[in-house]
Amino acid sequence: MASDAIAYDKAELRAIVRSFKAMDDEATNQAKEITSELATWVRGKIVDAAGKTRNRLDNKIAEGAKVSKSSKIGEISFGFAGQKLSGGGTTQQLWGGAEFGSNRLKQFPVWSGREGRGSRGWFIYPTLRSVQPEIIKKWETAFADITKKYD
């Protein structure tokens, strides 16, 4: 895994949000469609990663993830109260323990350790970090095509 993360700083992110506000309806709809497709692709990668952990809870959490179709920035949500598990819990209550682990609670895997300013994670966050360069490349390419007609 590469130690150099590709990221936008806060000023660049604010500029991107401002540009969304300046877009017409057609461009906004294209942005929603592209980011939804990209988020669906990432969700598929996370489902694949959860399948490799051999933990049924990981599979349930990943397969139950929802991609927002109306988001311009691409959002994936995990853990919902409506996803009931056989023991009475919900994925909303348990996704954090399944993703990051616990050294105190035995129903979860061991704590995943530190990564930067937070925990490493087992299947969601490592997958996001591994595909981040490809996500950014695809996103920038797609948005360059959308914004060409406004240049």
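The values are calculated or read from the model by the stated rules, or taken from the named source; none is laboratory data. What you see is a predicted model, and the numbers here were worked out from it, not measured in a lab. Here the Cβ is made from the backbone with ideal geometry for all residues, glycine too, and neighbour counts use every protein chain on show. All accessible areas refer to the heavy atoms of the entire protein, side chains included, with ligands and DNA or RNA removed. Shrake-Rupley method; radii C 1.70, N 1.55, O 1.52, S 1.80 Å.
Taking the range 66-83 as the range and being under 20 Å from residue 94 (Cα atoms) and either among the polar types (S, T, N, Q) or over 14 Å from the mean Cα position of the chain (by Cα) (or both) as the test, the residues that pass are 77, 80, 81, 82, 83. If you go through the range 30-65 and keep only what is open to solvent by 60 Å² or more (accessible area, probe 1.4 Å) and either at pLDDT below 85 or farther than 24 Å from residue 16 by Cα (or both), you end up with 30, 45, 48, 52, 54, 56, 60, 63. Confirm whether residue 80 is surrounded by fewer than 19 Cβ atoms within 10 Å (Cβ to Cβ), aromatic (Phe, Trp, Tyr) and out of contact with any Asp or Glu (no Cβ under 9 Å at 6 or more places or on another chain). So residue 80 fits the description; yes. Residues that are touching a residue at least 60 places away in the same chain (Cβ under 8 Å) and open to solvent by 80 Å² or more (accessible area, probe 1.4 Å) within the range 119-148 comprise 122, 138, listed in sequence order.
Determine whether residue 63 is free of Cβ contacts under 8 Å to residues at least 12 places away in the same chain and under 15 Å from the mean Cα position of the chain (by Cα). In short, no.
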